[in-house]
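Novice: Take this structure, written in structure tokens, and hold onto it; I'll ask about it next.
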Amino acid sequence: QVQLVESGGGLVQPGGSLRLSCVASGITFSIYAMGWYRQAPGKQRESVASITSGGSTNYADSVKGRFTISRDNAKNTVYLQTSSLKPEDTAVYYCNAKNYHLNYWGQGTQVTVSS
């Protein structure tokens, strides 16, 4: 049974930081590309950042220079370090694991940026 469990969301003031974590089980984590997506109310889910099995990263233009994705294969965990958060970063953040036709999602963690 595949599980992706996100944590680390919460309420933060503009300019603040959060570190999101996603722990995977039931998959050979090291061979999966991992990604973070987000969905704001009334909007489509969008890709935020991704990291390949080899460690190559990619970011949405809206978060470049503010967010960093990383992975620890020994802990089956992918992280999203966020900084300089803006109100428009408010969304449910989802973890994704992808390998060829296999595609798995976590349940999401809420990030709210507000003063």
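Novice: Averaging sequence separations of C-alpha pairs under 8 Å and six or more residues apart, then dividing by the length of the chain, give the relative contact order as a whole percent.
Specialist: 36
Novice: Follow-up question, since we're still on this one. How much net charge surrounds residue 51 when only the other residues with a Cβ under 12 Å from the Cβ of residue 51 are counted, with Lys and Arg +1 and Asp and Glu -1?
Specialist: Its environment carries a net charge of +1.
Novice: Quick one: dipole size for the chain, taken about the Cα centre, charges +1 on Lys/Arg Cβ and -1 on Asp/Glu Cβ, in debye to the nearest 20.
Specialist: The dipole magnitude comes to about 60 debye.
Novice: Please identify, among 81, 39, 13, the residue showing maximal mean-square fluctuation in a Gaussian network model of the chain using a 10 angstrom Cα cutoff.
Specialist: Per the Cα network of the chain with a 10 Å cutoff, 13 tops the list.
Novice: So, by mean Cβ neighbours within 10 angstrom, what's the order for 18-24, 3-9, 70-76 with the highest one leading?
Specialist: Put in order of decreasing packing, that is 18-24, 3-9, 70-76.
Novice: Measuring from label point to label point, each 7 Å out along Cα→Cβ, what is the residue 84 to residue 19 span in nm?
Specialist: Inter-label distance under the simple model: 2.0 nm.
Novice: A follow-up question, please. Could you work out how much longer the chain between residue 31 and residue 56 gets when fully extended? Use 0.36 nm per residue separation minus the Cα distance between them, nm to one decimal.
Specialist: Net length gain for the segment: 7.7 nm.
Novice: Can you pull the percent of the chain's accessible area that's carbon plus sulfur, 1.4 Å probe, other chains left in place?
Specialist: 47
Novice: Using all Cα-Cα distances in segment 47-87, what percent lands in each 10 angstrom bin from 0 up to the longest?
Specialist: Reading upward from the zero bin: 28, 53, 18, 1.
Novice: What distance in nm lies between label points placed 7 Å from Cα along the C-beta direction at residue 105 and residue 2?
Specialist: Each label point is offset 7 Å from its Cα along the Cβ direction, giving 1.3 nm.
Novice: Give the accessible area for residue 51 in Å² (nearest 10); use a 1.4 Å probe, count only protein heavy atoms, and leave out ligands, DNA and RNA.
Specialist: 10
The values are calculated or read from the model by the stated rules, or taken from the named source; none is laboratory data. Keep in mind it's a predicted model, so treat the numbers as computed, not measured. Because the Cβ atoms are built from the backbone with ideal geometry, glycine has one as well, and the counts that use them run over all protein chains shown. Ligands, DNA and RNA are excluded from the accessible area calculation, which covers all protein heavy atoms including side chains. Shrake-Rupley method; radii C 1.70, N 1.55, O 1.52, S 1.80 Å.
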